[in-house]
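What follows draws every value from the coordinates through simple rules; no lab data is involved. Only a predicted model underlies this, so the values are computations on that prediction, with no experimental measurement involved. We place every Cβ from the backbone using ideal geometry, glycine too, and count neighbours over all the protein chains shown.
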Amino acid sequence: MDLGISGRGALVAASSGGLGLATAQALAGAGCRVVLSGRDEGRLRTAAESVPGATTIVGDVSDTDGATRLVDEARAALGAIDILVTNAGGPPAGNFASTPLEAYHAALDLNLLSVVAMCKAAVPEMQQRRWGRVIAITSIAVKQPIAHLILSNTARAGATGFLKTLALEVAADGVTVNSILPGLHKTDRLRQLYGDTLDTAERATPTRSFGDPGDFGRVAAFLCSEHARFITGVALQVDGGAYLGLL
C-alpha cells in the first residue's frame, strides 16, 4: 500500500534500537527521509545500516534542553519535520515503597516533558504548513498499569493526557496527534525487565508470543499516512490482546 508520505521528513527519537528503530525502518520503507537519534554513536551507525538514506544525530531526550536541541538539529538536516515520533527509554523499575520521591523528577523529564518539549519545537511549523503527524510511543501501562513500573506508569499517563489535549487543539490545522501503546515486544528493554523469567512472560500473553517490532513499526507508519488523516487523539494499544478493559 502506498502510504502517500514519500519524501516527507521524519524524526524518530530514541531510534537506535527497539520499537523506535522499527518505526524508522517502516517510515523509510514508505519513502520518508528519516533522522535516527540516540545517545550511543556506535549503535546509531549500526542502526542506520538498516534504514536507507537515514541521517543520524547523537542526542539525549532525558531533559527538555536535549529534546528541543534534537528537533532543531533534525530540522536543519531535513529542511522541515513533517513527522515527529517521540520516544524514550523507560525509567528504572520499582514500586511505591521502593521508589524515592526524587526519582519521579527524572522520570517525568524522560517520559513526559521530553514529549512536550519536542512537540513545542516541531508542531507550530506543522500548523503553519497545514500538515503534520505526531506519533508518541508510550506503553500499554497508560491503560493498564504494570506492576513494579510505577515511574513509567505515572509519567506516560501524563504524556497521554498532554497528547490528547494537543490533538484537539491542532486538528483543524491538518496535524494529527496519536499515541501507540505497545505491549510486550521482542526488544532489549523486555529482556532487561524480565531476565530469566522471559519465557514465562511470553507464555502468559494471550497470543503466547511476544510482538514483532516490525509489525509495530508498520502500524506507526500507517498512522503517519494520508489514509489516517481522520485518526487523531487516539491512544492505540498494540499488545496482542493483553489489555483487559472494554474501552
Quick one: which strands (runs of 3 or more DSSP E) lie wholly within region 1-94 and hold at least 1 residues that are in contact with a strand residue (DSSP E or B) (Cβ under 8 Å, 6 or more places away or on another chain) and charged (D, E, K, R)?
33-38
For residue 49, all conditions in the list (1) without any contact (Cβ under 8 Å) to a residue 40 or more places away in the chain; (2) surrounded by fewer than 16 Cβ atoms within 10 Å (Cβ to Cβ); (3) more than 25 Å from residue 191 (Cβ to Cβ); (4) not small (Gly, Ala, Ser) hold save one; what is the number of the exception?
(3)
Residue 230 versus (1) surrounded by fewer than 19 Cβ atoms within 10 Å (Cβ to Cβ); (2) more than 26 Å from residue 5 (Cβ to Cβ): which is the lone unmet condition?
(2)
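Here's the yes/no breakdown for (1) under 19 Å from residue 114 (Cα atoms); (2) hydroxyl-bearing (Ser, Thr, Tyr):
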site: 21; (1), (2): yes, no
site: 25; (1), (2): no, no
site: 33; (1), (2): no, no
site: 43; (1), (2): no, no
site: 46; (1), (2): no, yes
site: 49; (1), (2): no, no
site: 55; (1), (2): no, yes
site: 67; (1), (2): yes, no
site: 72; (1), (2): yes, no
In region 216-247, how many residues are under 17 Å from the mean Cα position of the chain (by Cα) and among the acidic types (Asp, Glu)?
1
If I ask for residues that are in contact (Cβ under 8 Å) with a residue 12 or more places away in the chain and of a type in the set (Gly, Ala, Ser), which ones from region 166-197 would you list?
167, 171, 174, 179, 183
Among the residues of region 196-213 satisfying the criterion of being surrounded by 14 or more Cβ atoms within 10 Å (Cβ to Cβ) and of a type outside the set (Phe, Trp, Tyr), which is nearest to residue 177 (Cα to Cα)?
213
Need the failing condition index for residue 91 against (1) buried (at least 22 other Cβ atoms within 10 Å of the Cβ); (2) without any contact (Cβ under 8 Å) to a residue 60 or more places away in the chain; (3) farther than 24 Å from residue 175 by Cα, just the number.
(2)
Would you call residue 230 not β-branched (Val, Ile, Thr) and not in a loop (DSSP other than H, G, I, E, B)?
no
Expected output for region 198-220 (first residue in contact (Cβ under 8 Å) with a residue 12 or more places away in the chain and more than 14 Å from residue 30 (Cα to Cα), partner β-branched (Val, Ile, Thr) and assigned to a helix (DSSP H, G or I), Cβ below 9 Å, 6+ apart or cross-chain) is 213/23; 216/23
With the requirement that a residue be among the hydrophobic types (A, V, I, L, M, F, W, C) and touching a Gly at 6+ places or on another chain (Cβ under 7 Å), what does region 35-47 give you?
44, 47
Identify the residue in region 94-108 that is in contact (Cβ under 8 Å) with a residue 12 or more places away in the chain and surrounded by fewer than 22 Cβ atoms within 10 Å (Cβ to Cβ) and, among all such residues, is nearest to residue 80 (Cα to Cα).
108
Given the condition among the aliphatic types (A, V, I, L, M), part of a helix (DSSP H, G or I) and within 26 Å of residue 163 (Cα to Cα), answer yes or no: does some residue in region 95-103 qualify?
yes
